[in-house]
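Since the structure comes first, as structure tokens, the remarks are kept for the end.
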Amino acid sequence: EDKVVQSPLSLVVHEGDTVTLNCSYEVTNFRSLLWYKQEKKAPTFLFMLTSSGIEKKSGRLSSILDKKELFSILNITATQTGDSAIYLCAVEVENFGNEKLTFGTGTRLTIIP
Amino acid sequence: DAGVIQSPRHEVTEMGQEVTLRCKPISGHDYLFWYRQTMMRGLELLIYFNNNVPIDDSGMPEDRFSAKMPNASFSTLKIQPSEPRDSAVYFCASSKRPLVPNTEAFFGQGTRLTVV
């Protein structure tokens, strides 16, 4: 059974701190790993990672994948209150010629002003 | 395109009643996913379709749950009879096949279901 595990489950930090969110996975037929941010409603896409060691960056957010050790991290520097959200990691796997996304339970990040 | 459209946005129903959730995927997307999100279990994949055909329904909790996709622009998730433990937010998502770099599965706004 495909498994995606995120840690920590919950994180509370002060504005300006840097945070690192973790995602490890055990799947067959890995294709890609995706990070989503979920505030009040639907998850919104952040990054897709397919290759090890290549950092994806968008403003204060960055992410990297290690396909040998089967994990990814999402870094947020100089956090702001608007970063408060649930961060979801999902792994795309190939399933008999089809692809599906399996999600972790998410990390709930709270930024205190 | 208006994105993935789900209806209703909220539903409160009594235990034992039938519940039908609806989803209109983004035009041109071959894949449609139904997810359920709870605090305890996070986002769980229930079932997904490729070109209107159910591919993997191993995440459907039990026989009370069923999903259909009669055409490329419409899908339903039905719970009959509903139980309080079905209370959750149900998301529909659609994507192209395969997920090309820097694209993603697009999510609807979700249906918040409360069974009392």
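Of all the listed residues (B:79, B:5), the sole one being surrounded by 14 or more Cβ atoms within 10 Å (Cβ to Cβ) and over 23 Å from residue B:116 (Cβ atoms) is B:5.
Within segment A:74-105, the set of residues being modelled with pLDDT under 95 and polar (S, T, N, Q) comprises A:95, A:98, A:102, A:105. Considering segment A:53-76, and only residues there that are open to solvent by 60 Å² or more (accessible area, probe 1.4 Å) and more than 14 Å from chain B (Cβ to nearest Cβ), the residue that is farthest from the chain's Cα centre (by Cα) turns out to be A:68. Of all the numbered requirements in (1) more than 11 Å from every other protein chain (Cβ to nearest Cβ); (2) in contact with a Phe, Trp or Tyr (Cβ under 8 Å, 6 or more places away or on another chain), residue B:44 misses one, and that requirement is (1). Scanning segment A:26-43 for residues that are closer than 28 Å to residue B:111 by Cα and either open to solvent by less than 40 Å² (accessible area, probe 1.4 Å) or more than 8 Å from chain B (Cβ to nearest Cβ) (or both) turns up A:32, A:33, A:34, A:35, A:36, A:37, A:38, A:39, A:40, A:42, A:43. The number of residues in segment B:19-41 being touching a residue at least 24 places away in the same chain (Cβ under 8 Å) and within 10 Å of another protein chain (Cβ to nearest Cβ) comes to 6.
Scanning segment A:92-106 for residues that are in contact (Cβ under 8 Å) with a residue 12 or more places away in the chain and either open to solvent by less than 30 Å² (accessible area, probe 1.4 Å) or facing another protein chain (nearest Cβ under 7 Å) (or both) gives A:92, A:93, A:95, A:99, A:101, A:102, A:103, A:104, A:105, A:106. Looking at segment B:96-110, which of its residues are modelled with pLDDT of 85 or more and either part of a strand (DSSP E or B) or of a type outside the set (Gly, Ala, Ser) (or both)? Passing the criteria: B:107, B:109. On inspection, residue A:4 does not qualify as over 13 Å from the mean Cα position of the chain (by Cα) and at pLDDT 90 or above.
The values are calculated or read from the model by the stated rules, or taken from the named source; none is laboratory data. Quantities reported herein were computed from a predicted structural model and do not represent experimental measurements. Here the Cβ is made from the backbone with ideal geometry for all residues, glycine too, and neighbour counts use every protein chain on show. To get the accessible areas, we keep the full protein, side chains included, count just its heavy atoms, and leave off ligands, DNA and RNA. Shrake-Rupley method; radii C 1.70, N 1.55, O 1.52, S 1.80 Å.
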